[in-house]
Amino acid sequence: MEALKQELKSKIIEVLNLEDIAVEDINDNDALFGDGLGLDSIDALELIVLLDKEYGIKLTDPKDGKAIFESIETMSKYIAANRTK
Amino acid sequence: MKVAITGMGIISSIGNNVEANYHALVNGKTGISTIENFETVHKDVIKVGEIKLTNQQLAQQLGLDSDNNFSRTAMLGAIAAQQAVEHAGIQHINEYRTGLISATSVGGMDMTEKYYYEYFENEACRKYINSHDGGDSTHKIAEHLGLKGLVTTVSTACSSAANAIMMGARLIQSGQLDRVIVGGTDALAKFTINGFKTLMILSDTYNTPFDHNRKGLNLGEAAAFLVLESDDVVQKENKKVLAYVSGFGNANDAYHQTASSENGEGAFLAMQKALKIANLKPSDIDYINAHGTATPNNDLSEGRAILRIFEENVPEFSSTKAFTGHTLAAAAAIEAVYSVLALQNNSIFPNLNFNTPMEEFDLVPQTTLKEKTIHHVLSNSFGFGGNCSTVIFSKK
Amino acid sequence: MKTCYINGVGCISTQNTFETEFLSEVTLNETENVLFANQPSYKEFIPPAMIRRMAKGVKMGIAASTKALKEANLDLPDAIITGTGMGCVEDSEKFLKAILDNNEQFLTPTSFIQSTHNTVGGQIALGLQCKGYNFTYVNGAVSFETALLDAKMQVENEEANNVLIGGVDETSSHTLELFKLINIIKSEADKPYSVVTPNSKGVVFSEGASFFVLENEKKDNSYASVQAVSIMSALEMDEVQDYIGTFLAAHDLKPSDIDAVVLGNNGDSEFDGYYDSTKTMFEATPQVFYKHLSGEYNTASSFGFWVACNIIKNQELPEIVSLNSLKKEKYTTVLLYNQYRGKDHSLIVLKNAKT
């Protein structure tokens with residue numbers, strides 16, 4: 001699980017082009033959207049593609065992303081339980 | 001100052017000319033179907049408003065040589081613009097100071113995506129390299145019409161054609177030109193299909209504007225043009241005026257790159273400006289041709305903006321996108337034609353596929369063809385980049 | 001009717017034009033067939049959270065417009081009107097390449113959003129929270145001139161007190177390769193390149209962003225006023241003289257009233273002949289050229305507009321842009337003429353704001 005979290009952090013930094021942020025700057029329970037990392041709805045769509053491409057998880061309704069992408073913690077739990085690759 | 005409309009032309013998924021479009025509108029006949037003209041992996045999971053003519057058929061209709069380098073966007077535009085010019089009874093296009101303002105979002109992307117890699121291997125297709133940019137499609141239309149003068153192109157995503165109409169009207173009002181052909185054209189392309197797909201706003205079935213259970217938009221392709229003429233030309237040539245452009249407004253939502261704000265601020269400001277220029281009160285509007293793309297975001301935001309302007313007295317409104325799909329930069333031009341048809345025939349065209357009112361407010365579109373005396377139609381078009389436009393068409 | 005004054009400018013080009021005095025640091029290129037913009041550091045103009053998704057064109061547009069607004073001492077314009085020939089072509093390519101290479105799978109929206117032509121104007125509005133009129137014109141070499149014409153009408157008719165306008169285009173690798181294939185870009189074999197004496201087909205291609213604040217009020221720092229703008233879709237070479245003559249006459253001007261003529265020569269042996277009749281017509285007039293500094297792109301004429309503004313404001317014609325070595329005591333009325341491959345002709349008359 002810890003490895004997955006680290007992997008997720010670095011992938012998020014990479015795909016969202018978060019130049020000024022390092023893996024160590026993101027805590028597992030930090031909010032990814034809003035006040036935390038400050039991601040927005042376009043980032044949410046990017047994360048949906050990340051789930052599909054890297055872990056074989058398909059979300060069809062962007063609204064489903066809200067709970068999943070709350071934090072690294074929630075995201076990694078969801079991926080661990082649902083991944084197909 | 002109002003600007004006269006003396007001709008119009010259109011090609012869309014519901015018909016290849018004005019009469020055919022009108023016939024489909026009054027008979028509730030949708031143009032939404034499965035894509036046939038090109039291959040895409042999304043073929044079976046999306047529906048589109050496709051014009052069922054191949055590029056060869058379009059080229060033939062225009063009498064183009066086999067070595068032409070018209071993109072599909074340019075061909076659709078040329079067909080619609082030629083109809084408009086003929087409809088306006090124009091014999092000598094350069095007799096008056098005449099301009100052409102077209103709108104497009106994809107331009108020649110249909111050819112670029114086809115030959116992107118092939119360009120390096122096959123010299124024969126290289127003629128399309130210069131057809132990529134938006135301005136090329138407009139130049140092709142101008143050349144087809146034999147028009148020499150002010151030729152330019154607007155590209156503000158899905159509000160583009162409304163803005164072309166606005167600029168055209170402004171050029172006549174300021175005395176720069178006597179006559180302007182205004183409109184827009186966009187062909188379907190893998191580029192836009194996949195683009196909207198990534199935004200997750202494409203419906204997997206028929207689009208349902210203003211319905212609570214709406215699932216997104218269907219993309220479409222179309223072109224439409226209007227001939228705008230100054231009062232001087234109208235009088236001198238004893239022209240029949242179809243309707244007038246009486247007001248217009250453009251505003252920016254300044255909220256998000258693609259999404260509309262929750263209270264529809266940009267849309268509200270655009271409608272407010274247009275009413276002010278037309279010197280009309282909201283209660284003077286008899287019909288709203290809504291943007292109504294059937295995305296969750298647009299219809300909610302637009303509905304709220306309409307309520308802010310019209311309050312308790314929202315006139316009949318409908319989105320005709322259930323007929324045509326969302327034709328992007330051409331949308332406001334085809335809806336301008338529909339607005340003029342509504343004025344001419346005193347008819348409100350139905351908002352197809354509507355079943356369940358949205359729970360956020362009490363707004364129900366007109367779902368059947370309705371006859372009603374119509375003096376003023378307000379038409380909305382909104383695009384990415386917060387671009388919000390309203391044009392008002394009037395009988396007198 | 002109000003007069004339309006240019007009260008602020010900002011220019012990013014292949015030269016260091018953003019942070020220096022007018023043309024004080026320029027280098028002449030004769031060996032590169034593609035030139036890239038000399039970009040400033042964007043950190044002071046754009047917050048990091050926003051910059052991460054921005055295309056080069058957007059960044060150049062925001063920086064150049066910020067400078068123009070600052071110079072005009074204006075926080076929020078009534079309208080924003082941009083011109084761009086190709087839009088943010090780098091993201092268009094990125095998205096299209098992803099579609100083709102991944103068979104329409106695993107695509108993400110960012111590059112698609114950035115590929116929309118009005119993304120520069122839209123993002124400037126978003127940054128400024130400007131809810132006013134926001135247009136983008138995309139018509140080759142008159143993209144900027146249409147923006148100028150639109151703004152001029154609105155300022156004169158008092159629909160807007162001030163308008164931010166600009167021309168912006170960026171380069172992108174695949175498009176550059178395509179342009180080389182069909183000789184829109186000069187061939188390597190034709191080096192050295194010259195704009196003054198064109199000896200080969202094609203142009204030196206480049207990119208840049210020039211923004212201007214237009215206002216209905218004359219100020220101490222006004223550069224010039226915009227007197228007239230004309231756009232013409234296509235002309236034969238032998239029609240140019242008549243086009244210019246008619247335009248000048250319509251604005252009560254004779255060729256001898258023009259103190260400098262700014263020409264869009266780009267060194268393309270096939271099309272620079274379009275400027276020959278202008279050279280004859282304005283034989284006794286100081287002639288200015290600029291594309292040897294800026295390179296050619298759809299909105300390169302906005303760089304020429306920036307040059308003209310500065311010549312009028314400084315009342316000085318720098319040697320490096322002088323085509324026929326003629327100079328004048330005063331630069332009161334300046335004419336600009338540009339075209340690209342025989343299409344998209346434009347004429348602009350600028351006047352010294354102090355007269």
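The table that follows gives values for the structure above.
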read-out: Residues within the range C:113-134 that are of a type in the set (A, V, I, L, M, F, W, C), surrounded by 24 or more Cβ atoms within 10 Å (Cβ to Cβ) and modelled with pLDDT of 95 or more, tallied; value: 3
read-out: Hits in the range B:43-83 (condition: assigned to a loop (DSSP other than H, G, I, E, B), crowded, with 17+ Cβ neighbours inside 10 Å and either of a type in the set (Val, Ile, Thr) or touching a residue at least 60 places away in the same chain (Cβ under 8 Å) (or both)); value: B:ILE46, B:LYS47, B:GLU50, B:ILE51, B:ASN69, B:PHE70, B:SER71
read-out: Tally of residues being assigned to a helix (DSSP H, G or I) and either at positive phi or away from chain C (no Cβ under 13 Å) (or both) across the range A:50-64; value: 2
read-out: Criterion: surrounded by 24 or more Cβ atoms within 10 Å (Cβ to Cβ), in contact (Cβ under 8 Å) with a residue 60 or more places away in the chain and hydroxyl-bearing (Ser, Thr, Tyr) - qualifying residue of B:SER347, B:SER319; value: B:SER319
read-out: Residue among B:LEU226, B:LEU242 that is under 19 Å from B:ILE93 (Cβ atoms), crowded, with 24+ Cβ neighbours inside 10 Å and either touching a helix residue (DSSP H, G or I) at 6+ places or on another chain (Cβ under 8 Å) or more than 14 Å from chain C (Cβ to nearest Cβ) (or both); value: B:LEU226
read-out: Test: residue in the range C:165-180 that is within 11 Å of chain B (Cβ to nearest Cβ) and surrounded by 24 or more Cβ atoms within 10 Å (Cβ to Cβ); value: yes
read-out: Tally of residues being among the charged types (D, E, K, R) and surrounded by 15 or more Cβ atoms within 10 Å (Cβ to Cβ) across the range A:12-29; value: 1
read-out: Flag if B:GLY168 is within 12 Å of chain C (Cβ to nearest Cβ), touching a residue at least 40 places away in the same chain (Cβ under 8 Å) and in contact with a Leu (Cβ under 7 Å, 6 or more places away or on another chain); value: yes
read-out: Helices (runs of 4 or more DSSP H) within the range B:253-354 that include 1 or more residues farther than 30 Å from B:ALA20 by Cα and under 21 Å from the mean Cα position of the chain (by Cα); value: B:265-278, B:296-310
read-out: Options C:LYS70, C:LYS59: the member that is at negative phi, of a type in the set (Lys, Arg) and surrounded by 16 or more Cβ atoms within 10 Å (Cβ to Cβ); value: C:LYS59
read-out: In the range B:84-102, the residues that are part of a loop (DSSP other than H, G, I, E, B) and out of contact with any Leu (no Cβ under 7 Å at 6 or more places or on another chain); value: B:ALA88, B:GLY89, B:ILE90, B:GLN91, B:HIS92, B:GLU95, B:TYR96
read-out: Flag if B:GLY247 is over 30 Å from C:ALA234 (Cβ atoms), crowded, with 23+ Cβ neighbours inside 10 Å and more than 19 Å from the chain's Cα centre (by Cα); value: no
read-out: Top-ranked residue of the range C:1-41 - restricted to ones that are of a type in the set (Gly, Ala, Ser) and farther than 30 Å from C:PRO198 by Cβ, ranked as modelled with the lowest pLDDT; value: C:SER41
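Matching residues to (1) buried (at least 24 other Cβ atoms within 10 Å of the Cβ); (2) touching a strand residue (DSSP E or B) at 6+ places or on another chain (Cβ under 9 Å); (3) modelled with pLDDT under 95:
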{"position": "B:HIS256", "(1), (2), (3)": "no, no, yes"}
{"position": "B:GLN272", "(1), (2), (3)": "no, yes, no"}
{"position": "B:ASP286", "(1), (2), (3)": "no, yes, no"}
{"position": "B:LEU307", "(1), (2), (3)": "no, no, no"}
{"position": "B:ASN313", "(1), (2), (3)": "no, no, no"}
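A quick yes/no check of all residues on (1) within 11 Å of another protein chain (Cβ to nearest Cβ); (2) closer than 30 Å to C:LYS351 by Cα; (3) touching a His at 6+ places or on another chain (Cβ under 6 Å); (4) surrounded by fewer than 24 Cβ atoms within 10 Å (Cβ to Cβ):
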site: C:VAL138; (1), (2), (3), (4): yes, yes, yes, no
site: C:SER143; (1), (2), (3), (4): yes, yes, no, no
site: C:ASP150; (1), (2), (3), (4): yes, yes, no, no
site: C:MET153; (1), (2), (3), (4): yes, yes, no, yes
site: C:GLU207; (1), (2), (3), (4): no, yes, no, no
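The values are calculated or read from the model by the stated rules, or taken from the named source; none is laboratory data. Note that the structure is predicted; figures quoted are calculated from it, not measured. Don't worry about glycine lacking a Cβ; one is built from the backbone with ideal geometry, like all the others, and counts go over all protein chains shown.
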